[in-house]
Amino acid sequence: MIGFFDSGLGGLTILKEVIKILPQYSYIYFSDNARTPYGSRNQETIYQFTLQGVKKLFEKDANLVILACNTSSSSALRKIQQEFLPKHYPNKNVLGIIIPTAEEIGKFTSSQDVGILATEATVNSSSYPKEINKINSEIKVFQQACPLLVPIIESGKINENDLDVIIKKYLNELFQKSRKIDTIILGCTHYAIIEDKIKKCLPKNVKVVSQGVIIAQKLKDYLVQHPEIEKTFVKDSKKLFFTTENSERIKYLTQLFYGEPIKIDLVNLI
Ligand code: DGL
C-alpha cells in the first residue's frame, strides 16, 4: 500500500488529489490527531512523532510513505531517509513534499519574489528557501510562520470572522518583507482547506499555490521512474484511515478535508 502521514488531517487534501490521478492503488492514511499540531514543537520531538507514525504505516503494510506534512518533511525526513531506513527498512521508502513543491515554484512567479506560509518548525528549518534556491538562486523567498492557523483549522472553527483577521495579520507581515511577492505557497497541508479565504485577502495578481495537485503529479512521475517500487503495490483501490484520537469533531473534519464521509479507526502508537 501507499502510506500517507500527517500530524493531523491536512494530508487528506494531498491524498484526495493523488487518488484522482492514481485511483488504482491502495492507500493507508495515518493522522496523529492526539498530538497535533506539531508545528510549534522542536525538531527532535517532530522526528520522534513522525518516526512512530512511519513505523505504524510500515507495520500496516505500506511500502512507500509520503510525509503529507511540511513540518515532518522539514524536520524529520532527512534523518529518516539517511539513518532510520538504511538500518531498519532498507527496502522501504519515505518521501516528503517540500522538494517536489520547490521544483515547481519557478513556473508560477514572474517577479521572482515568493512567499511561504507555513508552521514555525517549517519556517525555522529554512527548508523552502534552501530547496528553492538550489534549483533557482534568483528567486527570493520570504517566509511567514502562521502558528495560529493549524489549531484553528483542527478545532473546526474555520467559518468564524476571527480567522479572516488572523489571515490578514499574517499576510500583512509577509508583504512587509517584500511588496513584490506575486506567488504564495501554502506550505502547510492544512492551509489548503482555507485557500479561498486566503485568496480573498490577497490582491488578484498574487497566485496561491497549494500542494495537492503538484504532489499527485510528482508521485505519478516517481512511480513511472521507479517500476521496481510500483510493481510491489496491490491495485485494488482500497483505502484505510487511522487516527491516534477519534471523536465526533474528527469525523466531521475528515469529511471536510476529504470531501466525503470516511471511516476512520483509532490506532494506538504504544
Ligand atoms: N499539515 C502539517 C504541515 O503541513 C501541519 C503541521 C502541524 O501539525 O502544525 O505542516
Exercise for the section: Kindly list the number of the only condition in (1) touching a residue at least 40 places away in the same chain (Cβ under 8 Å); (2) in contact with a helix residue (DSSP H, G or I) (Cβ under 6 Å, 6 or more places away or on another chain); (3) within 15 Å of Ser40 (Cβ to Cβ) that fails for Gly156. Expected result: (3)
Handout entry: Check on Ser40, hydroxyl-bearing (Ser, Thr, Tyr), within 22 Å of Tyr191 (Cα to Cα) and more than 9 Å from the ligand (Cβ to nearest atom)
Key = no
Exercise for the section: Would you mind finding the one in Asn172, Asn246 that is more than 22 Å from Pro23 (Cα to Cα), part of a loop (DSSP other than H, G, I, E, B) and not hydrophobic (A, V, I, L, M, F, W, C)? Expected result: Asn246
Completion exercise
Selection over region 1-49 where residues are among the small types (Gly, Ala, Ser) and surrounded by fewer than 23 Cβ atoms within 10 Å (Cβ to Cβ) yields a count of 3
Fill in the blank from the handout: In the set Leu22, Leu57, Leu15, Leu51, the lone residue that is closer than 16 Å to Leu266 by Cα and either more than 10 Å from the ligand (Cβ to nearest atom) or more than 15 Å from the chain's Cα centre (by Cα) (or both) is Leu57
Problem - Output for region 133-162, where each listed residue is in a helix (DSSP H, G or I) and either within 23 Å of Ala34 (Cα to Cα) or of a type in the set (Asp, Glu) (or both) - result: Leu149, Val150, Pro151, Ile152, Ile153, Glu154, Ser155, Asp162
Problem - Among residues of region 249-270, those that are in a loop (DSSP other than H, G, I, E, B) and within 22 Å of the chain's Cα centre (by Cα), counted - result: 7
Exercise for the section: Write out, first by first residue and then by second, each pair whose Cβ atoms fall under 8 Å of each other, whose residues are 6+ apart or on separate chains, and whose first residue, in region 228-252, is under 20 Å from Asp6 (Cβ atoms) and free of Cβ contacts under 8 Å to residues at least 40 places away in the same chain while the second is surrounded by 12 or more Cβ atoms within 10 Å (Cβ to Cβ) and of a type in the set (Val, Ile, Thr). Expected result: Lys251/Ile264
Exercise for the section: Return yes when Ser126 is small (Gly, Ala, Ser), over 25 Å from Gln217 (Cβ atoms) and away from the ligand (no atom under 12 Å from the Cβ) and no when it is not. Expected result: yes
Exercise for the section: Kindly indicate which of Val213, Val209 is within 17 Å of Gly106 (Cα to Cα) and touching a strand residue (DSSP E or B) at 6+ places or on another chain (Cβ under 7 Å). Expected result: Val209
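Every read-out reported here was derived from the displayed coordinates using simple, explicitly stated rules and does not represent laboratory data. Owing to the predicted nature of the structure, the values given are computational and were not obtained by experimental measurement. Ideal geometry is used to build each Cβ from the backbone, glycine not excepted, and the neighbour counts take in all protein chains shown.
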